[in-house]
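Asks: Okay, handing you the structure first.
The values are calculated or read from the model by the stated rules, or taken from the named source; none is laboratory data. In this text the structure is predicted, and so the values were computed from the model without any measurement. Glycine also receives a Cβ, built like all others from the backbone with ideal geometry; neighbour counts cover every protein chain displayed. Ligands, DNA and RNA are stripped out before the accessible areas are found, and what is left, the full protein with its side chains, is counted by its heavy atoms. Shrake-Rupley method; radii C 1.70, N 1.55, O 1.52, S 1.80 Å.
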Amino acid sequence: ATKIVTVNSSSPISGASSVCVGQSSTVTNSVGGGVWSSSNPTIATIGSASGIVTGVSGGSVSISYTTGSGCAVGTSFSVNALAGITGAGSICVGQTTSLTNSIGGGIWSTSDGSIATIGSSTGVVTGVSTGAVTITYTTSSSCETTAGLTINASSTISGSSSVCAGQS
């Protein structure tokens, strides 16, 4: 007896294996016409026809591709979390403040070093001149988060520098 068996084509998923929260990346499969799915859409969503993965929250998911003939392949996919920048929203010229991010090991930068400087590893900002800058924190997984910072003019106290007892 003879039986004809059809072997359907299957190939691995290719493309990025991670994305940052709020960002998108495309995964592909050389076998066309299939359907994409995510094991947990609260961590990552994927366009069922497009293969565009969007990070929703930090964690890992399984991304699957099922061909029209029912063959399925999967891959592990990571969504890198972002944490907001905490610290003062404004300082005066000549003052310093420390900004923090709960995800350690990243790099700090400023949009304009003539207005404010920042220690790339410390997050210590120094006001240089009046204006507004954008402070960026880039994690080791290349995810970025930003915060605005205003540098105000310093004020000086004027008036007499001495007074006699009983006078004002």
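Asks: If the chain between Ser162 and Thr117 were fully stretched, how many nm would it gain, using 0.36 nm times the residue separation less the Cα-Cα distance?
Replies: Taking 0.36 nm per residue and subtracting the Cα distance, the gain is 12.5 nm.
Asks: What percentage of all Cα-Cα pairs in segment 9-168 are separated by more than 25 Å? Each step should come with its number before you reach the end.
Replies: Working: 6676 of 12720 pairs.
Taking all Cα-Cα pairs of segment 9-168, the fraction more than 25 Å apart is 52 percent.
Asks: Taking all pairs of different Cα atoms in segment 52-140, averaging 1/r and flipping that mean, what Kirkwood radius in angstroms comes out?
Replies: Details: mean 1/r = 0.0634 Å⁻¹.
One over the average 1/r among Cα pairs gives 15.8 Å for segment 52-140.
Asks: Right, here's the next one. Return the carbon/sulfur percentage of the accessible area of the chain, one whole number, probe 1.4 Å, all protein chains in place.
Replies: The nonpolar share, carbon plus sulfur, comes to 51 percent.
Asks: Separation of segment 24-100 and segment 134-156 by C-alpha centroid, Å?
Replies: Centre-to-centre distance over Cα atoms comes out at 24 Å.
Asks: Against the 2.2 N^0.38 Å scaling, with N counting residues, where does segment 49-94 land? I'd like the Cα-based Rg ratio to two decimal places.
Replies: Here the Cα radius of gyration is 2.09 times the empirical estimate.
Asks: Provide, as a two-decimal number, the C-alpha radius of gyration of segment 4-90 over 2.2 N^0.38 Å, N being how many residues it has.
Replies: Normalised by 2.2 N^0.38 Å, the Cα Rg of segment 4-90 equals 1.33.
Asks: For an R0 of 35 angstrom, estimate the FRET efficiency from the Cβ-Cβ distance between Asn8 and Ser141 and round to the nearest 0.05.
Replies: Result of the calculation: an efficiency of 0.45.
Asks: Once fully extended, how much extra length lies between Thr96 and Thr28, figured as 0.36 nm per residue of separation less the alpha-carbon to alpha-carbon distance?
Replies: Full-extension gain reported as 19.7 nm.
Asks: Residue-wise, which Karplus ³J(HN,Hα) couplings in Hz belong to segment 111-119, taking 6.51 cos²θ - 1.76 cosθ + 1.60, θ = phi - 60°, and x for glycine or proline?
Replies: 6, 8, x, 7, 9, 8, 9, 9, x
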